[in-house]
1. Mind pulling the per residue volume of the convex hull built on the Cα atoms of the stretch 200-278? Å³ is fine.
2. Relative to 2.2 N^0.38 Å, what does the C-alpha radius of gyration of the stretch 245-317 come to as a ratio? Two decimals please.
3. Could you give the length gained by full extension between Met202 and Asn326, i.e. 0.36 nm per residue of separation minus their alpha carbon distance, to one decimal place?
4. Beyond 15 Å, what share of the Cα-Cα pairs of the stretch 83-132 is found? Please give it as a whole percent.
5. Hey, what's the per residue convex hull volume over the C-alpha atoms of the stretch 116-189, in cubic angstrom?
6. Of the listed peptides 141-148, 266-273, what is their order by residue-averaged count of other C-beta atoms within 10 Å, with the highest listed first?
7. Measure off, as a whole percent, the carbon and sulfur share of the 1.4 Å-probe accessible area of the stretch 266-386, all protein chains present.
8. Here is the link list: Lys26/Lys122; Lys181/Lys253; Lys106/Lys181; Lys175/Lys374; Lys52/Lys153. Which ones come out longer than 24 Å on Cα distance?
Amino acid sequence: MEKLSAIEILSKLVSFPTVSNTSNLKLVEWVENYLLGFGIESYRKYNADGDKAALFAHVGPMKEGGVVLSGHTDVVPVEGQNWISDPWVLDEREGKYFGRGSCDMKGFDALAIWAMVEANEKGVNRPLQIALSYDEEVGCLGAPPMIEEMLEKLPKASMVIVGEPSTMLAVTGHKGALGIKTHVIGKEVHSSILDRGVSAIMNASKLIQWANDENTANKLKEPSETARLFDPSYTTLHVGTIKGGTAHNITSKDCWFEMDVRVVSDESVEFWSKRYLEKAKEIEDEIKKISEEASIIVDMRSAVPGLRPEEGGEAESLVRQISGDNGDHYVSYGTEAGQFQEKGYSAVICGPGDIGVAHQPNEYIEKTQFEKGKNFMKNLIERLAS
């Protein structure tokens, strides 16, 4: 097997259009075969449909206490975006590598794959593992079953570095995320006798107003010590899409809307899920008094726990030692780090690239950032070998 450079691996990964609504199996197969070419066995964890899989592997002694390099394989769509170059071909220009996923987060994935081969050849006294998930971009859906499978198949590592783009700074906390899709079903009557019908839109608005009221209350209350780390320093509830109704003079039969809840990491997504379901049930009970046809269907599409800052965290300590970064960094977007932390791993976010260019047309990772990430991996391997 020909050993590829880190940038050659990135070029290969970008060539797979692994948008979240498509299969990632061709990419997984390539990574699996590449690692196997150097004697590294990989494991797959398929989704329920069998059209996607997570991949994880281990090098070094078969003992606990290693380090996991965690990334995701899926990317966001390119449709409707104005790309100067082919998004599925890595294009080097202006000191940057352009391509979908080059920043978020195939740049880190490439470095992690490169590091696995280097660590295997050099020999390490402390294990190194790689974990590549699917469906991160649609709610971090692929990581939990992958983590469970890792704990069954491999010695448990003590820490995980999640390589989301952080410009190689150590991010030690992020908000949790809850995605809710709600379908309010009403009863159609002429609007002149609306008291005999149920307007799905107007009752959906009660749930939306509840979200507005919660935002106001959350903003006014004194934030906890952990909440102060985030901007804004409270849990937020936001409705991004809504549709429903057929005419201005008919009480609407259907209304669909989607809500995004960003939860400060000392509050649980389960707490907010329960509160929302209770409010929906309260409104449903009211509308059923008018019509048994009326109902509210709630689909909790995703629930991602926050990453809590750790007192003396092992992952944070290691990353700071290698990177030299001693600043405090917290973000409001979600990652898979909280899911690893829930399973007993010390977790930190540190990866090359700027999250500000992720998901954008002409997404890129700066060459200097990629090299900084590569140097980080070299130093990590040295530490694991010593």
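1. 93 Å³
2. Its radius of gyration relative to the 2.2 N^0.38 Å reference: 1.67.
3. So the chain would gain 39.6 nm between Met202 and Asn326.
4. 56 percent
5. 168 Å³
6. Averaged packing, sorted descending, gives the order 141-148, 266-273.
7. That share works out to 45 percent.
8. Lys26/Lys122; Lys106/Lys181; Lys175/Lys374
The values are calculated or read from the model by the stated rules, or taken from the named source; none is laboratory data. Keep in mind it's a predicted model, so treat the numbers as computed, not measured. Note that each Cβ is placed from the backbone with ideal geometry, even for glycine, and that neighbours are counted across all protein chains shown. When the accessible area is computed, the model is the full protein with side chains, heavy atoms only, and any ligands, DNA or RNA have been set aside. Shrake-Rupley method; radii C 1.70, N 1.55, O 1.52, S 1.80 Å.
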